[in-house]
Amino acid sequence: GNVLQFENGYVVETVVEGNEIGVIPYRIRVNEEDGELFAVDEVNSNIVRITPPLSQYSRGRLVAGSFQGYTDHVDGKPSDARFNHPKGIAMDDKGNVYVADTQNLAIRKIGDAGVTTIAGGKSNVAGYRDGPSEDAKFSNDFDVVYVRPTCSLLVIDRGNAALRKIILDQEDCDYQSSSISSTGLNSYLMSAMLYSYLM
């Protein structure tokens, strides 16, 4: 049976009740500059932001998609954009948000130009193909991680048991190439652990 050894001194506390604010967070990323939480809501197919301090009075503000749960693959203005049950989210140094739009088989970007597609999504059929972003194919189970030292987006393509890489625009990355920050190191470690889990 299980052998447990509890370490004293830890307390679990609910700080945001998603059902109360109409947000069902599947995964979150924290903006290191101001501590804001960006949550991907897989059920309602949207991305919201929650401003600290977190409490029962916190409210989610729509970043992109719709609170009504509409699904589609539509780029453009954040309020007009549509996602299809996204499950992953990452953020670069400039504050651009990258979304693993799993059911659309695409990676989306939320930035100054609104919502765009940067890879996949051209076909509604899952697959495994590298190459130019519009021709790339992913499985229907993948996530994204921002890796600062290499100015890239790491795609954890679980369905294909593979790690894929997308080089980002240099202007979206703000790092010192001579050193690896704790965030970058954590990204590498997490990716390594995920990859070992895949294999």
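Residue under question is Pro86, and the condition is that it be crowded, with 23+ Cβ neighbours inside 10 Å and assigned to a loop (DSSP other than H, G, I, E, B); does it hold? Yes.
Kindly provide the set of residues from region 125-163 that are assigned to a helix (DSSP H, G or I) and not β-branched (Val, Ile, Thr), ordered by number.
Here is the first cut: in region 125-163, the residues assigned to a helix (DSSP H, G or I) are 133-135, 148-150, 158-160.
Hits for region 125-163 are Ser133, Glu134, Asp135, Arg148, Pro149, Arg158, Gly159, Asn160.
Applying the set (1) more than 17 Å from Pro78 (Cβ to Cβ); (2) assigned to a loop (DSSP other than H, G, I, E, B) to Asn44 leaves exactly one unmet item: (1).
Is there a residue being assigned to a loop (DSSP other than H, G, I, E, B) and β-branched (Val, Ile, Thr) anywhere in region 102-115? The answer is no; no qualifying residue exists.
Among the residues of region 96-118 satisfying the criterion of being of a type in the set (Gly, Ala, Ser) and over 14 Å from the mean Cα position of the chain (by Cα), which is surrounded by the fewest Cβ atoms within 10 Å (Cβ to Cβ)? Step through it out loud before you land on a result.
Going residue by residue through region 96-118, those that are of a type in the set (Gly, Ala, Ser) are 100, 106, 111, 113-114.
The next check asks that each one be over 14 Å from the mean Cα position of the chain (by Cα); those that pass are 113-114.
Details: Ala113: 10, Gly114: 15.
Restricting to residues being of a type in the set (Gly, Ala, Ser) and over 14 Å from the mean Cα position of the chain (by Cα), the top hit is Ala113.
Among the residues of this structure, Ala90 does not count as one that is of a type in the set (A, V, I, L, M, F, W, C), over 12 Å from the mean Cα position of the chain (by Cα), modelled with pLDDT of 95 or more and under 22 Å from Asp169 (Cβ atoms). Could you please let me know if Asp80 is over 18 Å from the mean Cα position of the chain (by Cα), closer than 30 Å to Val125 by Cα and modelled with pLDDT of 95 or more? Answer is yes for this residue. A count restricted to region 8-27 and to residues that are within 24 Å of Gly65 (Cα to Cα), out of contact with any Asp or Glu (no Cβ under 7 Å at 6 or more places or on another chain) and either in a loop (DSSP other than H, G, I, E, B) or polar (S, T, N, Q) (or both) stands at 4.
Selection of region 47-83 for residues being part of a loop (DSSP other than H, G, I, E, B) and of a type in the set (A, V, I, L, M) yields Leu54, Ala81. Taken over region 3-35, the residue count meeting the criterion of being surrounded by 10 or more Cβ atoms within 10 Å (Cβ to Cβ) and either of a type in the set (Ser, Thr, Tyr) or in contact (Cβ under 8 Å) with a residue 60 or more places away in the chain (or both) is 6.
A quick yes/no check of all residues on (1) aliphatic (A, V, I, L, M); (2) modelled with pLDDT under 90; (3) surrounded by 13 or more Cβ atoms within 10 Å (Cβ to Cβ):
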position: Phe38; (1), (2), (3): no, no, yes
position: Ile50; (1), (2), (3): yes, no, yes
position: Arg61; (1), (2), (3): no, no, no
position: Tyr70; (1), (2), (3): no, no, yes
position: Gly76; (1), (2), (3): no, no, yes
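The values are calculated or read from the model by the stated rules, or taken from the named source; none is laboratory data. Only a predicted model underlies this, so the values are computations on that prediction, with no experimental measurement involved. Note that each Cβ is placed from the backbone with ideal geometry, even for glycine, and that neighbours are counted across all protein chains shown.
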